[in-house]
Amino acid sequence: NQSNSHYSKDDSAGTILGDKASQSHLMASSNGVEGLHVWSSPEGGCKIDIGKQIFCNRSLNMKNILAVGFDMDYTLAQYKPETFESLAYEGTIRKLVYDLGYPQELLEWTFDPKYMVRGLVLDKKRGNILKMDRHKYVKVAYHGFRELSKEDKVGTYGNTLIRDSFDEPDYALIDTLFSLAEAYLFAQLVDYKDNNPGKVPEGADYSHMYKDVRAAVDLCHRDGTLKQMVAKDPKRYINEDTSIVPMFKMLRDSGRSTFLVTNSLWDYTNIVMNFLCASRTLDGSLSCNFDWLQYFDVVITGSAKPGFFQEENRANIFEVEPESGMLLNTDNGTPMPQVGSTSPEVLFKALNKSCRVFQGGNVAHLHKLLSIESSSQVLYVGDHIYGDILRSKKVLGWRTMLVVPELEREVKLLWELRDMRKQLRLLRNERDLVEDQIHHLKWSLKFESFRDDEKQKMTSALGELESQRDQARLAHQQAQRECHQKFHKIWGQLMKTGYQNSRFAHQVERFACLYTSQVSNLSLYSPDKYYRPSEDFMPHEFHILPL
Ligand code: U5P
């Protein structure tokens, strides 16, 4: 049970509290969140399970935040990849076969939801899948499911000039969990084309196949293939999360406005939000109503993010009548006076009148509806760096929190593997030390004068050091591979590529003021919390830390 892990909060490395100590100090969090993720420590202060902490890149004082907004899909609603993404995968294959002329045998293919991870980059032209560090140095590269040799990898991606790109249109970023199925299918098609060149549709090179897959996945999201199935049985596709409602209550009790901005349309949004927020009857079945609207001031559906974040985007905004789903014209968000018998009061007879639901529009409409004067008063929580976070922070100046569900496992593994990682660092230091010694010895032999017997001794010492270095290199490489595979057998740690931050981690660092594994972790902290980042260190400071 994750909630019983006993990590302390005040240290980034994570101190484990003894079972007895922590259990005797367990306390329910004051907001009544189910499952105990917060407890007092014997030393005083509050401890939060490290997998549930909110991490801070940039100072954020919640006292200055007047409105908290949420994305829905993969932020509030965590889909189960093994069912939801499998559905997208199967629907996509059917479209490839029946609409785009791919061979029937694709219908036999299966999806491994664990194979692909976020942060990868697809090289559409070459059929490669890449993992890179923050300098865009490609560290892991596969062609389909075949690993590229080091020579091929360096030959193709080693040139630093190429490193400036890795963006659309030649590359595709796997930066949402929605993209895992299409990345997997792309790798399968690359393999298939290589082994069966005559079988893919004529003229379909790797880029063309990627385009087909992307279009087919997108169609599955739009033509009801996915949404009808989710609507029939949300529990099969979405994780239940009983801590979401207490979080909304906490925010609203603290006087904050709350809003939802989602690209999903009203009918689907209503189904998903109702599933997440609805009270359950004793037998566990859902009572279906619009009660969830009480947790929001404004709901914007069909928002067409990221365009929504641009004020100059002139998208029309319609008011949605929740019960019928009918769209009503508005004058920039203000309802138009109605002619005839239908008064505005009747039109806005949603069960909870305090929340208004819209479709479309742009951020200026939203600010007006919420009476927001400065964009720095808004905190937006999303899961998609490009769709939710980058534009809202960079262009608009909203404060941002990124939800990274993978983080919970990653930080727990970091903690469990701390001895192994320490050993790895020692091996790396040892290798570097021997390399430095070799350099100094070679330098002396070349530029200083010694007696012959001294020279002989030094030369044999050099030989010994060189074999020591080879052993150290090998030991380090083996330990590094072992550690890498503990996180993911192919791609390793989400936030690291070798010893450097991964490109994904770099984006998180730049664009998310806060990041955490689940949206409801917000309720483990005071709504007036002052989030502060840890101190920055340059490499030259590490050896002289003031500890
Ligand atoms: N979606 C697409 N195409 C995709 C991936 C996702 O249309 O390739 C849809 C999802 O089905 C969902 C919406 O309705 O985008 C995500 O919206 P948001 O809640 O993350 O804003």
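The table below gives the values:
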quantity	calculated
Heavy-atom SASA rank of 126, 356 (probe 1.4 Å, accessible area, largest first)	126, 356
Proximal lysines relative to residue 193, as straight alpha-carbon distance under 24 Å, when same-chain residues fewer than 8 apart are discounted	95, 114, 124, 125, 131, 150, 153, 211
Where trypsin sites (Lys or Arg not before Pro) fall in DSSP loop in segment 133-211, at most 15 other Cβ within 10 Å	199
Proximal aspartates and glutamates relative to residue 136, as straight alpha-carbon distance under 16 Å, when same-chain residues fewer than 8 apart are discounted	123, 164, 167, 168, 170, 175, 509
Sum of side-chain charges, residue 96 neighbourhood, beta-carbon under 12 Å (Lys, Arg +1; Asp, Glu -1)	-1
Distance between modelled label sites at residue 530 and residue 291, nm, 7 Å Cα→Cβ extension	3.9 nm
Calculated from backbone phi, Karplus (6.51, -1.76, 1.60) coupling profile of segment 224-231 in Hz, x at Gly/Pro	x, 3, 8, 5, 5, 5, 5, 4
Cα centroid separation - segment 437-478 against segment 120-151, whole Å	36 Å
Environment charge at residue 64 (Cβ cut-off 14 Å; Lys +1, Arg +1, Asp -1, Glu -1)	+4
Order by protection proxy (mean Cβ within 10 Å, highest first), peptides 217-223, 463-469, 540-546	217-223, 463-469, 540-546
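The values are calculated or read from the model by the stated rules, or taken from the named source; none is laboratory data. Just so we're clear, the structure is a prediction, and the values are computed from it rather than from any experiment. Ideal geometry is used to build each Cβ from the backbone, glycine not excepted, and the neighbour counts take in all protein chains shown. Calculation scope for accessible area: heavy atoms of the full protein, side chains included, ligands and nucleic acids excluded. Shrake-Rupley method; radii C 1.70, N 1.55, O 1.52, S 1.80 Å.
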